[in-house]
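Remarks on the structure that follows.
The values are calculated or read from the model by the stated rules, or taken from the named source; none is laboratory data. Worth saying up front: this structure is predicted, and the values here are computed from it rather than measured. Neighbour counts run over all protein chains shown; Cβ positions are idealised from the backbone, glycine included.
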Amino acid sequence: MQAERYKSLEDYALEQGAFRAKFIPAGQVVIDERVRLKCQVPVCRDYNKHLMCPPHNYSVEHFKSLCTRYSSALLVQVRSEGFEPNQLTEAEIKLHLIINKVEGKALTDGYYLAAGFIASSCKLCPECVGYHSGEPCRHPYEARPSIESMGVDIFKTSKNAGLDFQFGLSTEVIYTGLLLID
């Protein structure tokens, strides 16, 4: 029964436009503090500016601890149709929307602790209100932190799932999101 429910979520992600989707045991999600370091070295343009970006989200250690409480992880991937900035942003937004939809389906399927994470930084707004504005997020139910900011090594994790891809050696850009379920 569990395998059927997982397959249903994988299929749903594909129906929503994902390139690939696959469940792995949550213990195969590779978390490494050096990934989060890349938010600061060199400093990302969104660091300390976006509400969903470091240092305003969970620490790597806290996220690592949370992951141990989950049994499974669904990796969801989308492909960019090109390397132009608008094409890359479209792919990031597409992944974000798919993660939100799959998380919603997981919730209705009884996985009430499901939690989704996106790739890169949140792109739901053309410009984030920013942490220092004191304003709340415009999309509090849709905004999600990136898996990179949580320290997830997406290359090793994708390889663990059999969904590996090349960084900088391909004619396509693959964005990967994550849904934790228990």
Taking the range 62-84 and keeping residues farther than 15 Å from C39 by Cβ and in a helix (DSSP H, G or I) leaves H62, K64, S65, L66, C67
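If you go through the range 21-29 one residue at a time, do you hit one that is among the charged types (D, E, K, R) and in a loop (DSSP other than H, G, I, E, B)?
So the first thing to find is which residues in the range 21-29 are among the charged types (D, E, K, R), and the list is 22.
This time we only want the ones that are in a loop (DSSP other than H, G, I, E, B), so: none.
No - not one qualifying residue is present in the range 21-29.
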Checking Q87 against (1) outside any loop (DSSP other than H, G, I, E, B); (2) within 17 Å of S149 (Cβ to Cβ), only one condition comes out false. Which one?
(2)
Residues of the range 28-62 satisfying the condition of being buried (at least 16 other Cβ atoms within 10 Å of the Cβ) and touching a strand residue (DSSP E or B) at 6+ places or on another chain (Cβ under 8 Å)
V29, V30, I31, V35, Y47, M52, C53, P54, V60
Could you identify the single residue in L107, L113 that is surrounded by fewer than 16 Cβ atoms within 10 Å (Cβ to Cβ), in a helix (DSSP H, G or I) and either of a type in the set (A, V, I, L, M, F, W, C) or at pLDDT 95 or above (or both)?
L107
Matching residues in the range 116-128 (part of a loop (DSSP other than H, G, I, E, B), surrounded by 15 or more Cβ atoms within 10 Å (Cβ to Cβ) and at negative phi) number 6
